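Heads up: the structure comes next, in structure tokens.
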Amino acid sequence: MGLKYRRVLLKLSGEALMGDREYGIDPHFIDELAEEIKSVYEIGAEIAIVIGGGNIFRGVKGSSMGMDRATADYMGMLATVMNALALQDILEKKDVPTRVMSAIEMRQVAEPYIRRRAIRHLEKSRIVIFAAGTGSPFFTTDTTGALRAAEIRADVLLKATKVDGIYDKDPQKYPDAKLLKEISYLDAINKGLKVMDHTALTLCMENKLPIVVFNIKKKGNLMKILLGEKIGSTVS
Ligand code: UDP
């Protein structure tokens, strides 16, 4: 089967594991997600995943409660490790080999992140889940997605969301919001569209890494994108 993108970096926010809950992980939803991932794994795509932690803890929230920002961010990064383990568990139950690589060393739980090793895992048909963000506070997991995608030379950064793509305004507030199918990095930055933070966008722009923003809740979307169908919005 002809793949449009062979090596992909899939960015999942913590919310993607939450389903319709307010907090944490929804077992039903994570199962569906794993099925989607497995389906593209089976057609030979090399898949690396960066997972967020917003369903458990966010640094900004901690600092708004009076915590030191860096400390709160470390808590956020630890939250992403929990999500990574949950995703690994469900994927392995479906016989998909995975490795969790953490940017913060915790050898009993996950491998340390070593770039060349991550690439080796991909070449050996293992899904790699990058945990603990960049390992540094003041960044986001979107930026981690852009960074790791550049490091492993991914063909595309796939940003999973709950809506169909990038809109000119918030589709959950404005029913007349328009879906933008193609947009340039600079427009995404300058128009302040809520795609990703600027650090992530700039990194993608500098590395000429296309971004596809798509709805992960729609079954089959991931597969369609890999096979070359125009789904969601493309930033390039
Ligand atoms: N975080 C960080 N450095 C990183 C990545 C993440 O400090 O390189 C922290 C930050 O506090 C962030 C939290 O981890 O709020 C969870 O990540 P994020 O909010 O990006 O998760 P998502 O919104 O994708 O669920």
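The values are calculated or read from the model by the stated rules, or taken from the named source; none is laboratory data. On a predicted model such as this, the values are computed, not experimentally measured, just so you know. Cβ: placed from backbone, ideal geometry, glycine included. Neighbour counts: every protein chain shown. The protein model used for the area step is the full one, side chains on, heavy atoms only, and it has no ligands, DNA or RNA in it. Shrake-Rupley method; radii C 1.70, N 1.55, O 1.52, S 1.80 Å.
Name the residues in region 1-22 that are in a loop (DSSP other than H, G, I, E, B), buried (at least 19 other Cβ atoms within 10 Å of the Cβ) and among the hydrophobic types (A, V, I, L, M, F, W, C), would you? Correct list: Met18 only.
Among the candidates Leu201, Leu186, the residue that is part of a helix (DSSP H, G or I) and open to solvent by less than 10 Å² (accessible area, probe 1.4 Å) is uniquely Leu201. With a requirement of 2 or more residues that are open to solvent by 30 Å² or more (accessible area, probe 1.4 Å), modelled with pLDDT under 95 and away from the ligand (no atom under 15 Å from the Cβ), the helices (runs of 4 or more DSSP H) lying completely within region 23-127 that satisfy it span 27-42. Out of everything in region 128-164 that is among the aromatic types (Phe, Trp, Tyr) and over 20 Å from Glu36 (Cα atoms), what residue ends up being farthest from the ligand (Cβ to nearest atom)? Among them, the one singled out is Phe138. Against the list (1) within 23 Å of Asn221 (Cα to Cα); (2) open to solvent by less than 10 Å² (accessible area, probe 1.4 Å), the condition Asp170 fails is (2). Pairs are defined by a Cβ separation below 8 Å, a sequence spacing of at least 6 or placement on different chains, a first member in region 71-98 that is more than 17 Å from Ile25 (Cβ to Cβ) and in contact (Cβ under 8 Å) with a residue 12 or more places away in the chain, and a second member that is in a helix (DSSP H, G or I) and open to solvent by 80 Å² or more (accessible area, probe 1.4 Å); the pairs so defined are Ala72/Val60; Ala72/Lys61. Within region 72-102, the residues that satisfy the criterion of being acidic (Asp, Glu) and closer than 21 Å to Glu42 by Cβ are Asp89, Glu92, Asp95.
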